[in-house]
Amino acid sequence: MRRIVADGRYNLIFAPHQRLVEKAPEVADLMREIGGLPHVHCDIDGFAMVDGSYTGVADVYLGDTSSQVIEFLMRPRPCVFLNAGGAAWKGDPNYAMWACGEVVDDVADVVGALDRAALLHAEYAAVQAAFAGESLGAVEGGAARAAAEIVRVLETTPSR
C-alpha cells in the first residue's frame with residue numbers, strides 16, 4: 001500500500017477484511033498513516049465493505065483470494081493478484097480466480113502490475129467472464145426476476 005500511495009498516480013480504496021485487522025494490528029496503523037491522504041480512502045467496518053459499493057466503482061481489483069473478486073467481475077475489469085505468501089497456486093482450485101489477472105509474487109512489482117493492468121485486460125476478459133458466469137450463474141435480468149418475485153409474494157399474501 002505504501003508503494004501505491006507514494007507513487008501518487010492512483011486513487012486507492014483500502015478496505016481489508018476485518019479479520020485481517022484483528023490478526024494483524026499493524027494494518028490499522030497503516031490505515032491511520034495513509035487514511036488522511038486525498039487519494040486514499042480507508043474502511044474497515046463501513047457498510048460499503050459489504051454492499052458492493054467498492055467493487056462497483058473500482059477500476060482495478062488488487063488483492064488476493066476474496067469473494068469480492070467475483071462481485072467485481074460481474075463487470076469484467078483488470079485484476080492484479082498478490083501472492084505475498086508464495087503460494088503454489090497454479091492448478092489449485094482455491095486460487096482459480098488468479099487466472100483472471102496478473103499474479104504478482106514480489107510487492108516491488110505491484111505498481112508496475114497496476115500500470116500494465118488495463119493494457120493486459122484484453123488477455124483476461126474472456127476468462128473473467130467465464131469465471132464470473134460459473135461462480136454467479138446468470139445475472140442478466142436479475143432485477144426483473146427479483147421484482148417479479150416480490151410482486152408474486154405480495155399478490156399471494158392475504159391482506160390483514
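Pairs, please: C-beta under 8 Å, at least 6 apart or cross-chain, first residue farther than 10 Å from VAL111 by Cα and exposed (fewer than 15 other Cβ atoms within 10 Å of the Cβ) and in the stretch 1-20, second of a type in the set (A, V, I, L, M) and modelled with pLDDT of 90 or more?
ARG2/LEU30; ARG2/ILE34; ASN11/VAL40; LEU20/VAL27
Report, ordered by the first and then the second residue, all pairs with beta carbons closer than 7 Å, sequence separation of six or more or different chains, a first member in the stretch 43-55 that is at pLDDT below 90 and open to solvent by 30 Å² or more (accessible area, probe 1.4 Å), and a second member that is part of a helix (DSSP H, G or I) and not hydrophobic (A, V, I, L, M, F, W, C).
ILE44/GLN18; ASP45/GLN18
I need the full set of residues from the stretch 30-41 which are in a helix (DSSP H, G or I) and open to solvent by less than 80 Å² (accessible area, probe 1.4 Å), in order please.
If the condition is that a residue be in a helix (DSSP H, G or I) and open to solvent by less than 80 Å² (accessible area, probe 1.4 Å), then LEU30, MET31, ILE34 are the ones that fit.
Among the candidates VAL110, VAL80, which residue alone is in a helix (DSSP H, G or I), in contact with a strand residue (DSSP E or B) (Cβ under 6 Å, 6 or more places away or on another chain), under 23 Å from TYR124 (Cα atoms) and open to solvent by less than 20 Å² (accessible area, probe 1.4 Å)?
On the way: VAL80 fails: in a helix (DSSP H, G or I).
Only one candidate passes the filter, namely VAL110.
If you go through the stretch 83-106, how many residues are open to solvent by 80 Å² or more (accessible area, probe 1.4 Å), assigned to a helix (DSSP H, G or I) and out of contact with any Ser or Thr (no Cβ under 9 Å at 6 or more places or on another chain)?
1
Which of the residues spanning the stretch 4-47 are small (Gly, Ala, Ser) and under 21 Å from VAL80 (Cα atoms)? Outline the logic, then answer.
In the first step, residues of the stretch 4-47 are kept if they are small (Gly, Ala, Ser); the result is 6, 8, 15, 24, 28, 35-36, 46.
The answer is ALA6, GLY8, ALA15.
Return the residues of the stretch 117-131 that are more than 11 Å from CYS79 (Cβ to Cβ) and either touching a helix residue (DSSP H, G or I) at 6+ places or on another chain (Cβ under 7 Å) or surrounded by 15 or more Cβ atoms within 10 Å (Cβ to Cβ) (or both); say none if nothing qualifies.
ALA129
Let me confirm something: among ILE70, ILE13, which residue is outside any loop (DSSP other than H, G, I, E, B) and farther than 18 Å from ALA130 by Cβ?
On the way: ILE70 fails: farther than 18 Å from ALA130 by Cβ.
From the options ILE70, ILE13, the qualifying one is ILE13.
The values are calculated or read from the model by the stated rules, or taken from the named source; none is laboratory data. Quantities reported herein were computed from a predicted structural model and do not represent experimental measurements. Positions of Cβ are generated from backbone atoms using ideal geometry, with glycine treated the same way; all protein chains shown enter the neighbour counts. Remember, those area values only see protein heavy atoms, side chains included, never the ligands or the DNA or RNA. Shrake-Rupley method; radii C 1.70, N 1.55, O 1.52, S 1.80 Å.
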